[in-house]
Amino acid sequence: MTFFADIADLDAIARRIRGRLVRMAHETKSPHTAASLSLIELLVATYWGVLDIDPQRPAAPERDRFILSQPHAAAAHYAVLAERGFFSVALLDRYGKRDRSLPEPMTPGCAAGVEAVPGSPGAGLSIGAGMALAARIRKQPYRVFVLLGDSECDSGSVWEAADFAAAQRLGNLTVMIDDNGAKGAGDLERVSAPLAEKWRAFGWDVKRRDGHDMASLIQSLDRGRKQLDGRPRCLLARTVSGKGVSFMENNDAWRRRVLNHRDLAAALAELRSML
């Protein structure tokens, strides 16, 4: 079942998840906080406004599938799954601990709601394309959504899967790209051809949206159960690295920086002021 709340409620959920995320990152000394913060609206819009799922029946054969192809964003995915009801929010305290209850990176079968764990950058799309084709073969109505990072699109496996999905006319497959325009080697647009042009060249239906505009994301992701013309869809969501915490936003210093106690207090103060 798709669960949809008022947009203001979803924005509040996103802020609450950001608060949990920075606590989790501080506790485990994770260096990927800013990258995880950029995709929160994408996750919330998908899990609350788009996916046909039932957290009480996480293995239902007719459920929509979601694959996070960014291993560094495990904390964000866990926090969303807990808030959505797949498991207790209290379990988030075990994130990254030695008992491996919620490991970083994710492992197969690590938590309810985790559909697949790609082993290398970009592999999530290959898995998603296989799931989408399986839906057709089994005559199941479910859709498949894959969230990629923009830098992942440097991987050759992404374009092999993109070519396959277009050739098979997998209209039940949607790719979302967390497009914050930056990568370890510098500004993405300076070292790679424009993403929209590449996805269109591979035969995909491409749309650009603000990756932090909840209403626009939901409308774009859920326009019809699937593409009637058979083209898979690509949503290029322009995002801000470190979104919601001013001193992290678009700040290259936070690509690998770990939150200390002072940083945590400042981040939480900002997030509380938005409530």
Q: Considering (1) farther than 20 Å from Asp213 by Cβ; (2) assigned to a helix (DSSP H, G or I); (3) not β-branched (Val, Ile, Thr), say which one Ala60 fails and leave the rest.
A: (2)
Q: Quick one: Glu41 ticks every box in (1) charged (D, E, K, R); (2) at pLDDT 95 or above; (3) closer than 21 Å to Val117 by Cβ except a single one, so which number is it?
A: (3)
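Tell me whether the stretch 233-253 contains one or more residues that are part of a helix (DSSP H, G or I) and over 14 Å from Gly19 (Cβ atoms). Don't jump to the end; show me each part of the working.
If we filter the stretch 233-253 for residues that are part of a helix (DSSP H, G or I), which is where we start, we get 252-253.
Then drop every residue that is not over 14 Å from Gly19 (Cβ atoms), which leaves 252-253.
Within the stretch 233-253 (the criterion being part of a helix (DSSP H, G or I) and over 14 Å from Gly19 (Cβ atoms)), the answer is yes, since at least one residue qualifies.
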Q. Looking only at residues in the stretch 212-232 that are within 18 Å of Ala12 (Cβ to Cβ) and assigned to a loop (DSSP other than H, G, I, E, B), which one is nearest to the chain's Cα centre (by Cα)?
A. His212
Q) Of the conditions (1) outside any helix (DSSP H, G or I); (2) under 14 Å from the mean Cα position of the chain (by Cα); (3) within 19 Å of Val50 (Cβ to Cβ); (4) not charged (D, E, K, R), Pro118 fails just one. Which one is it? A) (3)
Q) Across the stretch 123-149, what is the total count of residues that are assigned to a loop (DSSP other than H, G, I, E, B) and surrounded by fewer than 23 Cβ atoms within 10 Å (Cβ to Cβ)? A) 4
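Pick from Ser30, Ser69, Ser38: which is in contact (Cβ under 8 Å) with a residue 40 or more places away in the chain, touching a Lys or Arg at 6+ places or on another chain (Cβ under 7 Å) and of a type in the set (S, T, N, Q)? Lay out the reasoning, then the answer.
Numbers: Ser30 fails: touching a Lys or Arg at 6+ places or on another chain (Cβ under 7 Å); Ser69 fails: touching a Lys or Arg at 6+ places or on another chain (Cβ under 7 Å).
It is Ser38.
Look at Thr46 and say whether it is among the β-branched types (Val, Ile, Thr), surrounded by 16 or more Cβ atoms within 10 Å (Cβ to Cβ) and modelled with pLDDT of 95 or more. Talk me through it step by step, then tell me what you get.
Numbers: among the β-branched types (Val, Ile, Thr): yes; surrounded by 16 or more Cβ atoms within 10 Å (Cβ to Cβ): yes; modelled with pLDDT of 95 or more: yes.
Judged against the criteria, Thr46 is a match.
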Q) Is there a residue in the stretch 158-167 that is buried (at least 21 other Cβ atoms within 10 Å of the Cβ) and in contact with an Asp or Glu (Cβ under 9 Å, 6 or more places away or on another chain)? A) yes
Q) Taking the stretch 115-135, which residues are at pLDDT below 95 and out of contact with any strand residue (DSSP E or B) (no Cβ under 6 Å at 6 or more places or on another chain)? A) Val117, Pro118, Gly119, Ser120, Pro121, Gly122, Ala123
Q: Inspect all residues belonging to the stretch 96-113 and state whether any of them is under 24 Å from Val44 (Cβ atoms), surrounded by 23 or more Cβ atoms within 10 Å (Cβ to Cβ), aliphatic (A, V, I, L, M) and modelled with pLDDT under 95.
A: yes
Q) Scanning for something under 23 Å from Arg231 (Cβ atoms), aliphatic (A, V, I, L, M) and in contact (Cβ under 8 Å) with a residue 40 or more places away in the chain, does the stretch 147-158 turn up at least one residue? A) yes
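When you go through Glu152, Glu189 one by one, which is the residue that is part of a helix (DSSP H, G or I), surrounded by fewer than 17 Cβ atoms within 10 Å (Cβ to Cβ) and modelled with pLDDT under 95? First the steps, then the outcome.
On the way: Glu152 fails: surrounded by fewer than 17 Cβ atoms within 10 Å (Cβ to Cβ).
Within the list Glu152, Glu189, the selection yields Glu189.
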Q | Residue in the stretch 227-249 that is farthest from Gly181 (Cα to Cα), counting only those that are in contact (Cβ under 8 Å) with a residue 40 or more places away in the chain and among the polar types (S, T, N, Q) | A | Gln227
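The values are calculated or read from the model by the stated rules, or taken from the named source; none is laboratory data. Since the structure is predicted, the reported quantities are computational estimates derived from the model, not experimental observations. For neighbour counting, all protein chains shown are included, and Cβ atoms are generated from backbone atoms with ideal geometry for every residue, glycine included.
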